[in-house]
Amino acid sequence: MRIGICDRKTGETDVKLALNIDAPAKASINTGVGFLDHMLTLFAVHGIMDLSVSGVGDIHVDAHHITEDIGICLGLAVRDALGDARGIVRYASGAYPMDDSLVQVAIDVSGRPYFAFSPSLPKAKIGQFDAELVEEFFRAFAFNAKLNLHIRILAGDNLHHLAEACFKGVGIALGLALRPDSRREGSVPSTKGVI
Ligand SMILES: [Mn+2]
């Protein structure tokens, strides 16, 4: 079982996160931010991973620090679980609908961080949650997981649906990219021999 752990405490947040990428889908999420709990649950259930997150943050300020820091921790936990990334598929992409919304996600577990999100979501709120934090979350995640992540909004204007399509889409694509492929025969999926 490939398991990654991240315990990270700063002056702004205290995050404990565990990720098992080979376990049945399960989510145990408590971040103090309801919308973020909902998104991380969708990420784990549709990515078919076992994710537990307990986070405490300075949400009297807003949800920025806790959201970004959980993105950092999820990225570090993916890196931790992967080790040298032996035998994985490495690439995955798809277009993921959520009613009116359609989001294209492409992932390369390359060992090199790159992030693109376009167009940016409007500066508006989804309930109490700032929609712009969706992009902040995935930037922190991609940079700390050291992978290429492209998220393109193809259709839709319901911000709740768009955010859901992003979290489900990245969860599903990540799950597919991290799957072991027996034809790799345990080799590192790179002509460089390292990821
Ligand atoms: Mn929902």
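For the residues Phe115, Phe143, the requirement of being open to solvent by 50 Å² or more (accessible area, probe 1.4 Å), at pLDDT 95 or above and closer than 26 Å to Lys16 by Cα singles out Phe143. Within region 15-64, if we keep just the residues that are among the charged types (D, E, K, R) and in contact with a helix residue (DSSP H, G or I) (Cβ under 9 Å, 6 or more places away or on another chain), the residue that is most open to solvent (accessible area, probe 1.4 Å) turns out to be Lys26. Scanning region 176-195 for residues that are in contact with a Leu (Cβ under 9 Å, 6 or more places away or on another chain), within 16 Å of the ligand (Cβ to nearest atom) and either over 16 Å from Gly47 (Cα atoms) or not in a loop (DSSP other than H, G, I, E, B) (or both) turns up nothing.
Within the option set Arg8, Arg90, being modelled with pLDDT of 95 or more and closer than 14 Å to Leu174 by Cβ holds for one residue only, Arg90. In region 25-39, the residues that are touching a residue at least 40 places away in the same chain (Cβ under 8 Å) and part of a loop (DSSP other than H, G, I, E, B) reach residues that are aliphatic (A, V, I, L, M) and open to solvent by 50 Å² or more (accessible area, probe 1.4 Å) with C-beta atoms within less than 7 angstrom, at least six apart or across chains, in these pairs: Val33/Ile59.
Here is a yes/no grid of residues against (1) closer than 30 Å to His60 by Cα; (2) of a type in the set (S, T, N, Q); (3) buried (at least 16 other Cβ atoms within 10 Å of the Cβ):
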{"site": "Gln104", "(1), (2), (3)": "no, yes, yes"}
{"site": "Ala131", "(1), (2), (3)": "yes, no, yes"}
{"site": "Ile153", "(1), (2), (3)": "no, no, yes"}
{"site": "Leu162", "(1), (2), (3)": "yes, no, yes"}
{"site": "Cys166", "(1), (2), (3)": "yes, no, yes"}
{"site": "Ser187", "(1), (2), (3)": "no, yes, no"}
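For region 20-30, the tally of residues that are under 15 Å from the mean Cα position of the chain (by Cα) and within 15 Å of Thr67 (Cβ to Cβ) stands at 1.
The values are calculated or read from the model by the stated rules, or taken from the named source; none is laboratory data. All of these numbers come straight from a predicted model, not from anything done at the bench. Note that each Cβ is placed from the backbone with ideal geometry, even for glycine, and that neighbours are counted across all protein chains shown. Ligands, DNA and RNA are stripped out before the accessible areas are found, and what is left, the full protein with its side chains, is counted by its heavy atoms. Shrake-Rupley method; radii C 1.70, N 1.55, O 1.52, S 1.80 Å.
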